[in-house]
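Asker: Pasting a structure below so you can have a look.
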Amino acid sequence: MRRCLNKIMKNILVTGGAGFIGSNFIRFLLTSNEGISITNLDLLTYAGSLENLQGLPNSQHYSFIHGDICDQELVEKIVGENKIDTIVHFAAESHVDRSISGPGAFIKTNINGTFSLLEAARKKWLAEGQRHDVRFHHISTDEVFGSLTPQGPPFSESTPYSPNSPYAASKASSDFLVRAYTHTYGLPVTISNCSNNYGPYQFPEKLIPLIILNALQGKPLPIYGDGQQIRDWLYVDDHCEAIWQIILRGKVGESYNIGGENQPANLEIVNTICDLLDEALPKSPHTPHNQLIEYVADRPGHDRRYAMDIQKIKKELGWQPRYDLKQGLSKTVQWYLDNQEWVSAIQKQKEYQGWLDKNYTQRGK
Ligand code: NAD
Ligand code: TYD
């Protein structure tokens, strides 16, 4: 059944909407779908910023609440008072390296936080019996499936879970909780497992924005191990569109893989970014930027290869990625060049500089 937007899906709670993907999703929804009201619940950790939400279109349909998804009382209050009928759950600790140096926050937010949201939804939505006019959409990752061998088939929705990092294990746990709530209580849920996103507003601890910003400053471009690890890169706008299609037309209780069908090795990505910067800034003292590449100690337990089989979402929902990597990277590099105020606000954060220096030093440099 196609859900009728005007009758059913009006009041959306987005968690983690001040982060990278959440803020892009809110902008996407406000741009393309009138008549929807969005409440954004975000704790504004180091990774979240209201700067990511400046200049939203149709902002009269948007409101922000500063709070923790682990605070079940608060979530219940928001779901009740704002008549929430759809929860889109992005909020998480999201960086693998940080999960290795400090897993505690990942267990708390990703597992306990998801549990608290599910409980709030169950209490508020199902107290008087089954409902079909509500939806809990949970955002997960391909990392729950573990690591692929070089020739192995890509991850499909039926690949067994085999998470390797504390981050991946915390996301796998949250996926299982979501699954249990639909089987046990009949909570109408969908899950999406997506691959590595990139694009505007990504916090520069992740590979692509970190390389762009380090290269602009003439800092080393750290390559973990041999740089031959493979990820399946998904431009964030494609991801937002896919999530929305799943919410509108996906089958309750199902999970959907989302990937970009771009699977180069890390070193190739870094070289492409360097080439784009050389082109954009031929007179920079750091050109050619690939002279800044530096091999550093590998990440412990580093997954070698991720790749997504996206046949299910293509066939059932007619979604497919629009961006190839070259187009997506060009747009992304240009966005960071054009948004130096946003960049310098982050670079001024003590926490961020401290993290970068510590991570770099720990890798033996
Ligand atoms: P992000 O780190 O950029 O943003 C996370 C947001 O969650 C931040 O705004 C932060 O303030 C907020 N948050 C953290 N703890 C919170 C709490 N306890 N209560 C309320 N808000 C809290 O993350 P992202 O890259 O935008 O990822 C969003 C989701 O997508 C996550 O669930 C992540 O696991 C998943 N995902 C991301 C990628 C990727 O490539 N970025 C890939 C696959 C899946
Ligand atoms: P990252 O962006 O942290 O995403 P994830 O670990 O969730 O895939 O890393 C992407 C890939 O890039 C991963 O193989 C680790 C590698 N990497 C580097 O080589 N250097 C870096 O400085 C970072 C942050 C990542």
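Asker: Multiply the residue gap between Gln340 and Lys283 by 0.36 nm, knock off their C-alpha separation, and tell me the result in nm, one decimal place.
Answerer: 18.7 nm
Asker: Moving on to the next point. Not counting the cut sites, what is the longest span of the chain without GluC sites (Glu not before Pro) that DSSP labels loop and that have at most 14 other Cβ atoms within 10 Å?
Answerer: Here the longest run is 129-365.
Asker: Given Cβ point charges of +1 (Lys, Arg) and -1 (Asp, Glu) and nothing else, what value in debye, to the nearest 20, does the dipole of segment 47-171 about its Cα centre take?
Answerer: Dipole magnitude for segment 47-171 comes out near 160 debye.
Asker: Most mobile of Val343, Val79, Val134 per a Gaussian network model of the chain (Cα springs, under 10 Å)?
Answerer: Val343
Asker: Follow-up. Amide H neighbours of Glu93 under 5 Å, at least 5 residues apart or on other chains, H built in the peptide plane: list them.
Answerer: Under 5 Å from the amide H of Glu93 lie the amide H atoms of Asn110, each far enough along the sequence or on another chain.
Asker: Turning to a different aspect of this structure: Less than 12 Å Cβ to Cβ from Leu44, Lys/Arg counted +1 and Asp/Glu -1: what total charge do the surrounding residues give?
Answerer: Charge balance in the 12 Å sphere: -3.
Asker: Using helices alone, I'd like the mean residue ellipticity at 222 nm for the chain: each DSSP H run of four-plus residues gives -39500 (n - 2.57), total over residue count, nearest 500.
Answerer: Per the formula, -12000 deg cm²/dmol.
Asker: Any idea what the dipole of the chain comes to, in debye rounded to 20, about its Cα centre with Lys/Arg Cβ at +1 and Asp/Glu Cβ at -1?
Answerer: 580
Asker: Amide H to amide H, which residues 5 or more places from Ile258 or on other chains are under 5 Å from it, using H placed in the peptide plane?
Answerer: Distant-sequence amide H within range of Ile258: Asn193, Cys194, Ser195.
Asker: Here's another thing I want to ask about it. Evaluate the charge dipole of segment 215-354 about its Cα centre and quote only its size in Debye, nearest 20, assuming +1 on the Cβ of each Lys and Arg and -1 on the Cβ of each Asp and Glu.
Answerer: Charge dipole, segment 215-354, about its Cα centre: 260 debye, nearest 20.
Asker: Please label the shape of the chain as rounded, prolate or oblate, based on the square roots a ≥ b ≥ c of the eigenvalues of the alpha-carbon gyration tensor (a/c under 1.5 means rounded; beyond that, a/b larger than b/c means prolate, else oblate).
Answerer: The shape class here is prolate.
Asker: Which residue, Thr31, Thr149, Thr184, has the most motion in a Gaussian network model of the chain that connects Cα atoms within less than 10 Å?
Answerer: Largest GNM mean-square fluctuation: Thr184.
Asker: Let me ask something else about it. Top mean-square fluctuation among Ala345, Ala180, Ala242, Gaussian network model of the chain, C-alpha springs under 10 Å?
Answerer: Largest GNM mean-square fluctuation: Ala345.
Asker: Let me ask you something else. For segment 180-202 and segment 257-332, what is the separation of their Cα centres, given in Å?
Answerer: A separation of 23 Å, based on Cα centres.
Asker: Please state the shape class of segment 256-365: rounded when a/c is under 1.5, otherwise prolate if a/b exceeds b/c and oblate if not, all from the C-alpha gyration tensor.
Answerer: Verdict is prolate for segment 256-365.
Asker: Sort Leu43, Leu292 from largest to smallest accessible area, using a 1.4 Å probe on the heavy atoms of the protein chains.
Answerer: Sorted by accessible area, descending: Leu43, Leu292.
Asker: Here's another thing I want to ask about it. Would you mind counting up the charge near Lys171? Only other residues with Cβ under 11 Å from its Cβ, with Lys and Arg at +1 and Asp and Glu at -1.
Answerer: That works out to -4.
The values are calculated or read from the model by the stated rules, or taken from the named source; none is laboratory data. All of these numbers come straight from a predicted model, not from anything done at the bench. Quick reminder, even Gly has a Cβ in these numbers, built from the backbone with ideal geometry, and neighbours come from all protein chains shown. Note: areas computed on protein heavy atoms with side chains; ligands, DNA, RNA excluded. Shrake-Rupley method; radii C 1.70, N 1.55, O 1.52, S 1.80 Å.
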